[in-house]
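The values are calculated or read from the model by the stated rules, or taken from the named source; none is laboratory data. These numbers come from a predicted model, not from an experiment. We place every Cβ from the backbone using ideal geometry, glycine too, and count neighbours over all the protein chains shown. Heads up: the accessible areas ignore ligands, DNA and RNA and are worked out on the full protein's heavy atoms, side chains in. Shrake-Rupley method; radii C 1.70, N 1.55, O 1.52, S 1.80 Å.
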Amino acid sequence: MAFVLAVTGSAVGLGNLWKFPYTTGQYGGGAFVLVYLGCVILIGMPVMMSEILIGRRGRRNPVATMALLGAEEGKSTNWSWLGAIGVIAGVLILSYYSVYGGYTVAYIVKILSGVFSNAKATDVIAVRDAFEGSWVSVGLFHTIFMGLSIFVVARGVEGGLERANKFMVPTLFLLLIILLGYSMNTGHFAEGLAFMFTPDFSKLTWEAVLAAMGQAFFSLSIGMGAVMAYGAYLPEETSITTSAAAVAVADTTIAITAGMVIFPLVFANGLDIGAGPSLLFITLPLAFGQMTGGTIFGALFFVLLSFAAWTSAISLLESAVAWVVEKYKRSRAEAATLIGVTCWAIGLGTVLSFNVLKDFRFLRGTIYDNIDFLTINVMLPLGGLFIAIFAGWVMSRNSTAEELGGAGTSYRLWRLLVRFAAPTGILFIFLKAIGLLKLS
Ligand code: TRP
């Protein structure tokens, strides 16, 4: 139970409420959602189970675990680089995750100030522009969010926060359901659902397929060793299959519900569906502003979202911190500060991407666009690919069957997916998209 809570805390975060809706909006809806669901089931689930079983067998930080298991299977200890790439991916993801975590904190304050009461779309967009345009504001809340994350990891008190998830994730979901009721009454609910659930494959590009796969990895927290690091604490007798399924169902339900809330609001208010990263921060304040009790309700919503982002940020720090502590014999406080400050500094690139450096573009766009693309569309899928290869081909049948509770039907299905479907699927999508990508 504690494990499922910790991994759910890691999985449920900005990926579900902030990134899933805006990426779905950018890539045209229905077909993207369908590919996303396919990726969660056929690639995400087997990779998540692999990460957990590798972590539990190794019982160390991801770098040391990969080296240990490589040796145990009579193969190379160089598999440790897979752990190392994961540590780097975690640092890069957290660098911008913290900036958007900062947005959620900032919006608690904004909602409480009453600026959104009876606001029109143009007012809400003006508030967003004023916030985003000021690197001092964005940077300040990025600093606060990162400071909080470092604090928790340094003190080693993640446990308390994760136990708090037991009521916070369900409460967040409950608020989403209430918001769903509001969306249903906008008069544009059907339009929103049609956008999400009517697949138009003629609009689906390979780049969108890659983005859907990357989003599945991001939302499930897999591909960089975070779940592996948590797996190290999992008791022998807990079922890995059941735990992974519980996390995947909770995570996916929340993402889909968030989309069902947000798209009707977009259509009802004539907003730009491809607005990008700030979509959530336009649609929801608008809805809260028009609701009775919206100030309190909205503030509560953003408080819960900040907490969800916080528990995710902590899991992004965990593998790097565990690695520094074990390898360099540092205290948790020193390791958390070192890694956290590094993430914070890299995050300044994202802070500046929306104001001072917004016209500084290369390859994929702004600094944020590039770090986002590199981590989500390159590092996580490739990390997942090698995790699948390791669990499916490098580890013996005996070792994996032992971790997954015997060689029954579900084991055989897992092994089929992790040996064939996941690796070929990831590689195919990746090469197809990269081959067709024009990088500038
Ligand atoms: N899954 C989290 C979210 O949806 C983000 C996250 C936490 C993550 N840990 C991760 C993403 C590890 C990739 C890898 O908000």
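Structural remarks
- Only listed residue being crowded, with 21+ Cβ neighbours inside 10 Å and in a helix (DSSP H, G or I), chosen from 212, 194: 212
- Test: residue 350 is under 20 Å from the mean Cα position of the chain (by Cα) and part of a helix (DSSP H, G or I): yes
- Residue check for residue 271: over 30 Å from residue 399 (Cβ atoms), assigned to a helix (DSSP H, G or I) and not charged (D, E, K, R): no
- Exactly one residue out of 84, 89 is open to solvent by less than 30 Å² (accessible area, probe 1.4 Å), within 30 Å of residue 400 (Cβ to Cβ) and assigned to a helix (DSSP H, G or I), and it is 89.
- Among the residues of region 304-324, just one is closer than 22 Å to residue 66 by Cα and open to solvent by 40 Å² or more (accessible area, probe 1.4 Å), namely 323.
- Qualifying residue in region 359-373 (condition: over 23 Å from the mean Cα position of the chain (by Cα), among the aliphatic types (A, V, I, L, M) and surrounded by 15 or more Cβ atoms within 10 Å (Cβ to Cβ)): no
- When residues in region 172-214 are screened for being among the β-branched types (Val, Ile, Thr) and more than 23 Å from the chain's Cα centre (by Cα), 3 of them pass.
- Residue 187 passes every criterion in (1) surrounded by fewer than 17 Cβ atoms within 10 Å (Cβ to Cβ); (2) part of a helix (DSSP H, G or I) apart from (2).
- A single member of 283, 292 is away from the ligand (no atom under 16 Å from the Cβ) and at pLDDT below 95, and it is 292.
- Leading residue by the ranking (farthest from residue 203 (Cα to Cα)) among those in region 1-32 that are out of contact with any Pro (no Cβ under 6 Å at 6 or more places or on another chain), away from the ligand (no atom under 16 Å from the Cβ) and part of a helix (DSSP H, G or I): 2
- Considering region 229-267, the residues that are among the charged types (D, E, K, R) and more than 16 Å from the ligand (Cβ to nearest atom) include one that is least open to solvent (accessible area, probe 1.4 Å), namely 236.
- The one condition from (1) within 26 Å of residue 87 (Cβ to Cβ); (2) surrounded by fewer than 17 Cβ atoms within 10 Å (Cβ to Cβ); (3) among the hydrophobic types (A, V, I, L, M, F, W, C) that residue 428 does not meet is (1).
- Boolean, residue 331 is among the polar types (S, T, N, Q), away from the ligand (no atom under 16 Å from the Cβ) and either open to solvent by less than 10 Å² (accessible area, probe 1.4 Å) or without any contact (Cβ under 8 Å) to a residue 60 or more places away in the chain (or both): yes
- Residue 182 of a type in the set (Phe, Trp, Tyr), within 20 Å of residue 321 (Cβ to Cβ) and touching a helix residue (DSSP H, G or I) at 6+ places or on another chain (Cβ under 7 Å): no
- Matching residues, region 89-142, being closer than 30 Å to residue 384 by Cα and of a type in the set (Phe, Trp, Tyr): 96, 97, 100, 103
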